[in-house]
Amino acid sequence: AEMADGPEAVLDAAAAAASALLKDSDHAGWRIAAVGVGIALPVFHEEGRPFNSTNLPEWDHFDVPGHLAKHFAMPVLVENDANLMALGEHALRPDAAEMIAVEVSTGIGAGIINNGTLLRGARGTAGAIGHIPVERGADVPCICGRRGCLVAVASGPAIAASLSAGGVPASTVDDVVELVLDGNLDAIAAVRRAGNDIGEVLTTCISFFNPATIAIGGRLATAGDHLVA
C-alpha cells in the first residue's frame, strides 16, 4: 500500500505485515511492550496524529493510534520518520550529542538531535528542510504553495519527473534508484544535482546548528555514493 491509498489501507497493511513477522519470529518469552510507527508527515507527538498533510488530506489529524488499537492490544507510539531515523542514528553514535539525520525519499526531511535529545520544535515541525528554498528551484512550484523548495527539485518524485521530461521514463524514487544502479548517466547526473541542492541547504544548517554528525538515509540514498558525491 502507498500513502496515497489512504490511512486505513496503509495501516491495515502494515499491521498485517507486523503480525506476520511476529508469528514467524522466535520471540518465545518476550513481551511486546508497544508498537512504534514512523510516518512521513509532521506528527502531533502526544496524540499520534499527522498534520499539515497538504498533498494527502485524508491523513490530516487521522487517529493512527486509535486505528491500530484494533489490531494490537498495546500502546501505539507515532513519530515523524526522519525523527525516528535521528533517534536510531543517535543510538548508534551516543557520543554525537548534536546531530542532523537527513532522510531523502519521496520527501526530504531531517531529524535533529540537540544535546542528546530529539528536537521537535514548538509545533512538531523542526527539521522540515524540504521547504527551504534553493537556487536551482527558484521558479519551480511546490505542493506547499510556494516556489523554490528543496523537495520540489531534489526529492525522488521530482527527480523522476525531470528524467521523464527528458525522455528517461521514471515515476517513483525506486525507479530513479534502479536507473542509477543500472548506470544510466542521466539518472546519475540528476541524483548528483539533487545532492548538490541538499548540500546547499545543509551548508546553512551547519552554520546555524553546528552538528557533530550528519547522517544521510532514505530510499534515494540507496543509489550509492552519487547523492553525497
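Taking packing as the residue-averaged number of other Cβ atoms within 10 angstrom, the listed peptides 156-163, 90-97 run from highest to lowest as 156-163, 90-97. Other residues whose C-beta falls under 10 angstrom from the C-beta of residue 150 contribute a net charge of -1, scoring Lys and Arg +1 and Asp and Glu -1. Surface composition of the range 146-229: carbon plus sulfur atoms contribute 53% of the solvent-accessible area (1.4 Å probe, protein chains only, all chains present). With semi-axes defined as the square roots of five times the eigenvalues of the C-alpha gyration tensor, the equivalent ellipsoid of the range 16-94 measures 24, 18, 11 Å, largest first.
Calculated accessible area for the range 175-229 comes out at 54 Å² per residue, all protein chains present (probe 1.4 Å; ligands, DNA, RNA ignored).
Each 5 Å bin from zero up to the one holding the largest Cα-Cα distance in the range 99-229 carries the following percent of pairs: 2, 11, 21, 23, 19, 13, 7, 3, 1, 0. Charge tally for residue 215 (other residues, Cβ to Cβ under 13 Å; Lys, Arg +1; Asp, Glu -1): -2.
Helices in the chain, meaning DSSP H runs of at least 4 residues, each add -39500 (n - 2.57). Divided by all residues, the mean residue ellipticity at 222 nm is -11500 deg cm²/dmol.
Segment residue 26..residue 206, full-extension length gain: 60.5 nm, with 0.36 nm per residue of separation and the alpha-carbon distance subtracted. Does the range 117-168 classify as rounded, prolate or oblate by the C-alpha gyration tensor (a ≥ b ≥ c root eigenvalues; a/c under 1.5 gives rounded; else a/b over b/c gives prolate, otherwise oblate)? In terms of gyration-tensor shape, prolate. Largest GNM mean-square fluctuation among 164, 25, 155, using the chain with Cα springs under 10 Å: 25.
Amide H to amide H distances under 5 Å link residue 56 with no residue, where only residues 5 or more positions off or on other chains count and H is placed in the peptide plane. Would you indicate which of (1) 6, 22, 28, 29, 13, 1, 0; (2) 7, 30, 32, 21, 9, 1; (3) 8, 29, 35, 23, 6, 0 is the value of P(r) over Cα pairs in 10 Å bins from 0, in percent derived from the coordinates of this structure? Correct label is (3).
In order along the range 79-86, the Karplus-derived 3J(HN,Hα) couplings, from 6.51 cos²θ - 1.76 cosθ + 1.60 at θ = phi - 60°, round to 8, 4, 5, 5, 5, 5, 4, 4 Hz, and Gly and Pro are given as x.
The values are calculated or read from the model by the stated rules, or taken from the named source; none is laboratory data. In this text, all values refer to a predicted model and were calculated from it rather than measured experimentally. Cβ coordinates were reconstructed from backbone atoms using ideal geometry, including for glycine residues, and neighbour counts include every protein chain displayed. Accessible surface is based on the protein model in full, side chains and every heavy atom, while ligands, DNA and RNA are left aside. Shrake-Rupley method; radii C 1.70, N 1.55, O 1.52, S 1.80 Å.
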